[in-house]
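So the structure is just underneath, and the comments pick up after that.
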């Protein structure tokens, strides 16, 4: 078990693209999306993971993650309660922190989010110039919510 502590931001502009160290495609579906817990299946390249996350409190929540056979993950994706999330994740390092920039595709096309994991909730970070407004506390930007209410359907 681990505790995930992360901040999430909208991305402003595309100057971040020149800083990308690595990129890969992700496809994930949600088997359960209750406020108390989410159960996700994710395929990233040739690896797949089953992840269980507890209720978010502040910007923290417990997280359990297990590698599963990719063939089984493909079958589990078919059991997704809603639209699977498709995105390209780009990895950037800034001032000692690893940033994940997610460029969404499909029903969430046009949405670009940046996440940074922290060691503690009060850890101070230097925000890169391409960071827009923080949306850590806005549940509309949780991937589990985006699978139920895609970005392109927002009014």
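The values are calculated or read from the model by the stated rules, or taken from the named source; none is laboratory data. Keep in mind it's a predicted model, so treat the numbers as computed, not measured. Cβ atoms come from the backbone with ideal geometry, glycine included; neighbour counts cover every protein chain shown.
Structure notes:
- The listed residue being touching a strand residue (DSSP E or B) at 6+ places or on another chain (Cβ under 7 Å), touching a residue at least 24 places away in the same chain (Cβ under 8 Å) and assigned to a strand (DSSP E or B), out of 50, 146: 50
- Annotation: of all residues in the stretch 6-19 being surrounded by 14 or more Cβ atoms within 10 Å (Cβ to Cβ) and not in a strand (DSSP E or B), the one that is farthest from the chain's Cα centre (by Cα) is 19.
- For the stretch 112-139, the tally of residues that are more than 18 Å from residue 92 (Cα to Cα), in contact with a helix residue (DSSP H, G or I) (Cβ under 8 Å, 6 or more places away or on another chain) and modelled with pLDDT of 95 or more stands at 1.
- Flag if residue 126 is surrounded by 18 or more Cβ atoms within 10 Å (Cβ to Cβ) and more than 22 Å from residue 34 (Cα to Cα): no
- So residue 33, is it in a strand (DSSP E or B), surrounded by 12 or more Cβ atoms within 10 Å (Cβ to Cβ) and at pLDDT below 95: yes
- Output for the stretch 84-109, where each listed residue is over 15 Å from the mean Cα position of the chain (by Cα) and either within 15 Å of residue 47 (Cα to Cα) or in a loop (DSSP other than H, G, I, E, B) (or both): 95, 96
- Hey, residue 155 at pLDDT 95 or above and part of a loop (DSSP other than H, G, I, E, B) or not: no
- Check on residue 106, over 19 Å from residue 6 (Cα atoms), surrounded by 12 or more Cβ atoms within 10 Å (Cβ to Cβ) and in contact with a strand residue (DSSP E or B) (Cβ under 6 Å, 6 or more places away or on another chain): yes
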